[in-house]
Amino acid sequence: MVMAGKADENLLNIYHKLFSFLGPSHWWPGEGPLEIMVGAILTQNTAWNNVEQAINRLKAEGALSVKALTQVNEGQLAEWIRPAGYYHLKARRLKAFFSFFQERYQGRIQRMKERPMEELRQELLSVKGIGPETADSILLYALEMPTFVVDAYTFRILSRHHLVEEEMGYEVLRAYFMDRLPRDTRLYNEFHALLVRLGKDYCKKNNPRCGLCPLGG
DNA sequence: CACCAGGCAAGTA
DNA sequence: TACTTGCATGGT
């Protein structure tokens with residue numbers, strides 16, 4: 001359903017509470033679309049600190065470029081990204097993505113930006129190793145397209161506060177946000193960033209009570 | 001020491 | 001279709 005009506009008051013209310021409490025996020029951490037795309041794959045089920053170490057290694061090796069990542073041997077790449085964990089798997093996934101990026105878009109960010117978002121999203125999802133969260137992270141944070149990123153924190157926070165039913169699938173929860181909020185890249189960017197920061201600091205898995213959580217509860 | 005982290009795909013019944 | 005399992009390092 002494409003919605004043309006008003007934004008959901010409750011959802012915007014939550015957004016404003018979080019923003020007031022935590023302040024602006026300046027996300028994605030890391031500079032430039034290429035680094036963001038690489039980070040989106042490396043951070044799959046992995047703490048960001050580990051990803052930073054891997055990215056720093058790639059920078060030190062002069063390998064953080066489309067050309068280098070397209071040409072580098074998979075085994076070599078695996079060694080460089082070792083601190084990120086699942087490094088054999090992620091090396092394969094990075095190679096698969098950059099192979100797609102090179103062949104389909106000649107390694108040009110701008111070519112991707114010219115595509116309709118949902119079509120590009122489907123293309124990304126067809127790449128082995130790119131699932132819905134990684135695809136949406138690339139679309140939103142690297143390409144600045146208005147898609148909402150759902151992650152483990154989003155599920156946990158919303159269900160813990162009884163804002164949605166449990167057992168909601170990814171696409172349903174994504175639509176939940178996008179159908180109730182204006183299609184605004186900046187809003188989706190900040191909202192997701194705030195949810196992750198809230199999750200890290202106040203809504204941890206081993207801490208069922210949200211302590212100082214600004215949403216109450 | 002045990003547990004967790006900004007997923008995803010392949011295998012099983 | 002609905003579960004389960006493998007993948008791995010580094011921080012708390």
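Values quoted throughout were computed directly from the atomic coordinates according to the rules given, and no laboratory measurement underlies them. For clarity, every value in this text was computed on a predicted model and none was experimentally measured. Quick reminder, even Gly has a Cβ in these numbers, built from the backbone with ideal geometry, and neighbours come from all protein chains shown.
Can you work out the FRET efficiency for the pair A:Asp201 and A:Gln53, with r the C-beta to C-beta distance and R0 = 35 Å, to the nearest 0.05?
On the way: r = 22 Å, r/R0 = 0.62.
In this case the efficiency is close to 0.95.
For segment A:118-190, compute Rh as the Kirkwood radius over C-alpha pairs and then the Stokes-Einstein diffusion coefficient at 4 °C and 1.567 mPa s; write the answer in µm²/s, rounded to an integer.
Numbers: Rh = 12.7 Å.
This corresponds to a translational diffusion coefficient of 102 µm²/s.
Among A:His161, A:Tyr176, A:Leu194, whose Cα projects farthest towards the positive end of the dipole of segment A:148-194, with charges put on the beta-carbon of Lys, Arg (+1) and Asp, Glu (-1)?
A:Leu194
What FRET efficiency do you get for A:Gln122 and A:Glu31 if R0 is 35 Å and r is their Cβ-Cβ distance, rounded to the nearest 0.05?
0.80
Take chain A, connect every pair of alpha-carbon atoms lying under 10 Å apart with a spring to form a Gaussian network, then pick out the residue of A:Leu158, A:Leu173, A:Leu42 with the largest mean-square fluctuation.
Top of the fluctuation ranking is A:Leu158.
Quick one: if you stick a label point 7 Å off each Cα along the C-beta vector at A:Leu11 and A:Leu89, how many nm between them?
Rounded to a tenth, the inter-label distance reads 3.1 nm.
Using Cα atoms only, what is the angle between the long axis of helix A:9-22 and the major principal axis of chain A, expressed in degrees (0 to 90) to the nearest 10?
Long axis of A:9-22 versus the principal axis of chain A: about 70 degrees.
Over the residues of segment A:62-217, compute the C-alpha Rg and express it relative to 2.2 N^0.38 Å.
Cα Rg divided by the expected 2.2 N^0.38 Å: 1.18.
Along the charge dipole of chain A, pointing to its positive end and built from +1/-1 on Cβ of Lys, Arg, Asp and Glu, which listed residue (A:Ala40, A:Phe21, A:Leu69) has its Cα farthest out?
A:Leu69
Dividing the Cα convex hull volume of segment A:46-93 by residue count, how many Å³ per residue is that? Provide the component values of the computation, followed by the final result.
Details: hull volume 3.1 nm³, N = 48.
It is 64 Å³ per residue.
Just to be sure I understand: with springs between alpha-carbon atoms less than 10 Å apart, which residue in A:Leu124, A:Leu11, A:Leu69 has the highest mean-square fluctuation in the Gaussian network model of chain A?
Per the Cα network of chain A with a 10 Å cutoff, A:Leu11 tops the list.
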